[in-house]
1. I want the local charge near residue 114. Using Cβ-Cβ distances under 15 Å, sum +1 for each Lys or Arg and -1 for each Asp or Glu among the other residues.
2. If you place +1 on the Cβ of every Lys and Arg and -1 on the Cβ of every Asp and Glu, how big does the dipole about the Cα centre of segment 48-194 come out, in debye to the nearest 20?
3. At a 1.4 Å probe, what is the % contribution of carbon and sulfur to the accessible area of segment 64-213?
4. Once you have the Cα-Cα distance between residue 121 and residue 88, take 0.36 nm times their residue separation minus that, and quote the gain in nm to one decimal.
5. With a Förster radius of 30 Å, plug the Cβ-Cβ distance of residue 113 and residue 49 into 1/(1 + (r/R0)^6) and report the FRET value to the nearest 0.05.
6. So between residue 79 and residue 135, what do we pick up on full extension, going 0.36 nm a residue minus the alpha carbon distance?
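The values are calculated or read from the model by the stated rules, or taken from the named source; none is laboratory data. Bear in mind that the values here come from a model prediction, so they are computed numbers and not experimental data. In this analysis, Cβ positions are derived from the backbone assuming ideal geometry, glycine residues included, and neighbour counts consider all displayed protein chains. For the accessible areas, the whole protein counts, side chains as well, though only heavy atoms, and no ligand, DNA or RNA atoms are used. Shrake-Rupley method; radii C 1.70, N 1.55, O 1.52, S 1.80 Å.
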Amino acid sequence: MIYFGQIAVWGILLIIVLLGAAIAVLWIVDKRVVKKALHPSIHMPRVPQSLWLPLFGAILLSALALTGCMVLSLSSHAFWPVFVILLLCLLGSTPHAFEVYLRSLKHTQAHRRYLMANGATHLESLVPSVRRSLRAAFLPMLWQRSSHMPLAMALLFCTLLLFGATIAAALAITLMTWAAAIAAAVLAIVLTIWLADRLLFSKEDHVMIKKTT
């Protein structure tokens, strides 16, 4: 009879072998990919200090909301692990996406004034900038070469196996967490933009914060 512990051990060994083989192949094909993954460059988003509060508030609310949705279909014991994973994912993507939004507002002021002069509402004038920020929010969550999501999901899968989950259950939870991270990234940047709107624009609809620190 095969016990869950044996399945977990064999699953972890298999994943280690596969990861080692993948790193070896990448090293042969392109060493720069492996070096970039092992030594990622750290970029601090340039966001004004007055906007960090709505940014962190949106991240926290989004992580709690999506974790609550996942816990409805999982055990309540999974709340904190899933919450921490989503929170880390959002901390890595949302500040950068908000920085993209602020840069877009700064560089498209003339276009916004043109749209509003032709009858566009405040929300309609923000659509191009919001679209760019949404793209910057969820693209890091996809399975791309420059994304850290494959490593994060592999670690989650190994952790679930280590705690006795079956391979099928670990795979299902990993895929659900990945989907929840994408949804949380979109929700977080939308909430951030909404919460920061009154701090960003004057009554005349001009951008009040032009420089980021």
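1. 0
2. 500
3. 70
4. 8.4 nm is the gain from fully extending residue 121 to residue 88.
5. 0.65
6. On the way: separation 56, 0.36 × 56 = 20.16 nm, distance 2.78 nm.
Result: 17.4 nm gained on full extension.
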